[in-house]
Amino acid sequence: MSTFRIKRVAISFAVILFLLLASSLFAQSGFIQTEGTLLKDETGTPYRIQGIAFGNNVWQNPSLPVTTHHNERDYQRLNEMGFNSVRFYINYGLFESDSNPYQYKESGFLWIDKNIAWAKKYGIRLILNMHYPQGGYQSNGNGSALWNDSTNQERLIALWKAIASRYANEPTILGYSLLNEPFLEHSFKEYELLLKGLVHEIRSVDPLHIIIIEKANALRWAWNDNENKNLNFVMIKDSNIMYEFHFYEPIEFTHQNASWTGVKGMFATYPNPDMYKVSGDTKWESTTWDSPKLDVKKKSNKNKWVFIQSPLIKVENEDFSVGAPVFMAKDLGRRGKAWANGFVIKEYDENKKFVKIIMDSDGIDKNGWYYWSANGSGTGTSIDTPYISKKSLYVEGSTSDGNMTFSNGNFPLTQGHYYQLSGYIKVKNVDKNADVRLRLDYYSLNGTIGPLDKSYLELRMKKFIDWGKENNVPLYLGEFGVIADGFTNNRGGLIWVGDVIDICKKNGINFNYHTYHEYKSFGLYRTGAEKLPEDLNVPLANLFKKKLK
């Protein structure tokens with residue numbers, strides 16, 4: 001046998017021995033590891049994360065552990081409901097202060113140690129999630145200092161290395177979720193470089209734990225759901241990585257009446273056969289230019305409500321798949337004002353026989369109207385000026401083409417059917433050339449449109465499911481949930497949560513509910529972090545017991 005052949009055989013044996021030793025290490029240690037799209041435990045059995053979040057009051061920048069948030073009893077409760085993991089939110093201030101960086105407080109580690117002991121006792125694993133890093137909380141776009149000051153990134157990397165070094169041999173820690181909802185400042189490249197630094201330093205002290213990388217939440221200068229043509233995931237070469245996304249669709253349901261999302265006072269139900277949602281891309285094609293407009297020159301039409309109704313408008317262009325109502329308020333002038341109220345859309349079949357009401361006046365009371373003008377002039381909103389409905393659409397100061405479109409009012413168009421628009425319009429101080437009318441815009445569709453139900457949720461998650469399969473990586477739905485108001489007045493919060501869990505289980509997605517304990521917001525327990533959990537959402541707890549068994 002040649003010397004080269006002997007060396008090659010020796011190398012092959014060395015590689016095999018290394019793989020066997022690595023496999024044995026995982027098996028003996030009890031660590032969860034990735035294998036293709038799956039997670040597997042130490043016996044090689046597929047493992048699915050069924051988790052819930054411990055918020056730990058991270059948003060208030062605590063410098064010491066918030067011991068009133070939870071205790072050992074809460075891990076027992078999670079075990080009884082069927083949970084097997086906790087996404088444990090961390091604020092960097094738990095470990096270091098800005099005035100004394102790189103000097104880590106033992107109190108933070110001791111709090112993690114205590115939680116590890118509690119979790120281990122009840123068969124729960126922890127995912128440590130950097131929810132609030134040096135440089136600021138990312139989700140709302142206020143954490144730009146992380147990206148504009150390299151010192152903050154260096155501190156984040158060093159902190160993660162310290163955490164990984166401390167817990168390298170602790171299998172109760174399931175994995176490290178490196179950064180929550182990153183809001184990028186300049187490019188995806190900056191995120192990639194940070195991730196490479198994080199993974200390199202963690203792996204230098206910890207080869208065993210799963211590293212969890214979340215898709216970018218936003219990019220400040222330009223944004224869509226696929227900005228980097230990779231669903232805004234940034235892939236890093238490593239053999240034990242899981243990729244994370246969050247799901248709260250539609251936001252007008254899951255975040256209803258939440259002041260920080262602009263839907264304060266707005267409520268929604270799920271499922272809703274009367275609310276159509278688009279999954280895919282739409283393109284504006286045309287509009288009903290023959291819709292009657294208000295005669296603004298007529299004195300009797302000024303500063304009073306005037307009823308407007310269109311003729312029956314037939315749809316007979318195959319490119320027109322989706323319709324959306326529009327309040328057009330073009331060239332009002334700098335002092336001009338216009339209101340719309342009592343908006344109704346009716347559908348008739350090919351024989352002009354009435355089919356149904358697509359939208360009634362209550363549509364104006366709902367979230368989803370947005371204003372656009374060609375030159376950026378004017379403003380548009382919905383305001384409390386009751387006439388037929390509780391609110392009116394309101395536009396002022398447009399000096400070019402301007403309108404308000406109801407994005408949540410999209411509905412499927414039927415070829416050969418007729419549609420009729422009606423409503424009330426009022427104007428004040430408008431220019432003589434102002435064009436004020438109610439319109440129906442036509443869109444082509446590359447995708448599907450259907451009622452808000454489980455099928456829609458699955459369609460919206462399908463892009464992530466497909467991406468995971470194409471790249472042969474495991475997925476982690478790190479956050480999903482419904483705000484407290486979604487569980488009241490039969491609004492369907494329980495149904496939405498159950499549907500998301502079903503979709504995850506069907507498609508092999510690991511999942512984590514947000515959150516365990518939060519005052520009047522997303523908490524399973526609806527009390528604040530200043531005292532231990534009380535006021536259990538009992539129906540939601542029972543749903544978890546049923547779904548997680």
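Between Glu35 and Ser150, what length in nm is gained on full extension when 0.36 nm per residue of separation is reduced by their alpha carbon distance? It would help to have the intermediate numbers written out before the result.
Values: separation 115, 0.36 × 115 = 41.40 nm, distance 3.42 nm.
Gain in length upon complete extension: 38.0 nm.
Spin-label model, Leu532 to Ser259: label points 7 Å out along the Cα-to-beta-carbon direction sit 3.1 nm apart.
Straight-line cross-link partners of Lys428 among the aspartates and glutamates, defined as a Cα under 14 Å from its Cα and at least 8 positions apart when in the same chain: Asp295, Asp331, Glu396. A Förster distance of 41 Å, applied to the separation of the beta-carbon atoms of Asn317 and Asn142, puts the FRET efficiency at 0.35.
Please arrange Tyr89, Tyr424, Tyr370 by counting, for each residue, the other beta carbons lying within 10 Å of its beta carbon, fewest first.
Numbers: Tyr89 24, Tyr424 21, Tyr370 13.
Placing the least packed residue first, the sequence is Tyr370, Tyr424, Tyr89.
Expressed as an acute angle from 0 to 90° and rounded to the nearest 10, what is the orientation of the C-alpha long axis of helix 106-121 relative to the principal long axis of the chain? That works out to roughly 90 degrees. Across all directions, the average projected area of the convex hull around the alpha carbons of segment 280-451 is 9.5 nm². The angle between the Cα long axis of helix 493-506 and the longest principal axis of the Cα atoms of the chain comes to about 50 degrees, rounded to the nearest 10. The loop-placed trypsin sites (Lys or Arg not before Pro) in segment 356-396, going by DSSP, that have at most 15 neighbouring Cβ atoms within 10 Å of their Cβ come out as Lys390.
With the simple spin-label model, which puts each label point 7 Å out from Cα in the Cβ direction, the Asp98 to Thr488 separation comes to 3.6 nm. From helices alone, the chain scores -8000 deg cm²/dmol at 222 nm; the rule is -39500 (n - 2.57) for each run of n ≥ 4 DSSP H residues, then divide by the residue total.
Starting from the exponent 0.38 and prefactor 2.2 Å, build the expected Rg for the chain from its residue count and divide its actual Cα Rg by it.
Working: Rg = 27.6 Å, N = 549, 2.2 N^0.38 = 24.2 Å.
That ratio works out to 1.14.
What does the charge add up to near Asp365, with Lys and Arg as +1, Asp and Glu as -1, over the other residues with Cβ less than 11 Å from its Cβ?
Details: positive: Lys366, Lys390, Lys391; negative: Asp360, Asp362, Asp384.
Summing Lys/Arg as +1 and Asp/Glu as -1 gives 0.
Just how many pairs of Lys in segment 228-301 have C-alpha atoms closer than 29 Å, counting pairs that are eight or more places apart or on different chains?
Working: Lys229/Lys237; Lys229/Lys277; Lys229/Lys283; Lys264/Lys277; Lys277/Lys293; Lys283/Lys293.
Final tally of qualifying lysine pairs is 6.
Centroid-to-centroid, using Cα positions, segment 196-248 and segment 472-511 are 22 Å apart.
Compute the helix-to-body angle for 454-471: its Cα long axis versus the longest principal axis of the chain, expressed 0 to 90° and rounded to tens. Relative to the chain, helix 454-471 is tipped by roughly 40 degrees. A straight chain from Lys196 to Asp225 at 0.36 nm per residue would run longer than the Cα-Cα distance by 8.2 nm.
With the convex hull drawn over the C-alpha atoms of segment 22-93, the volume per residue is 142 Å³. In straight-distance terms, cross-link reach from Lys161 covers every one of the aspartates and glutamates whose alpha-carbon lies under 19 Å from its own, apart from those fewer than eight places away in the same chain; here that gives Glu96, Asp98, Glu106, Asp113, Glu170, Glu192, Glu201, Asp206, Glu214, Asp238. A full extension of the chain between Lys121 and Arg335 corresponds to an added length of 70.2 nm, given 0.36 nm per residue minus the alpha carbon distance.
Secondary structure note: in the chain, about 65% of the DSSP beta bridges are antiparallel. Each of Asn471 and Lys505 was given a label point 7 Å from its Cα along the Cα-to-Cβ line. The distance between the two points is 2.7 nm.
Since every read-out is calculated from the coordinates, none of them should be taken as a lab result. Fair warning: this is a prediction, and the values are worked out from it, not measured in the lab. Virtual Cβ from ideal backbone geometry, glycine too; neighbours counted across all protein chains shown.
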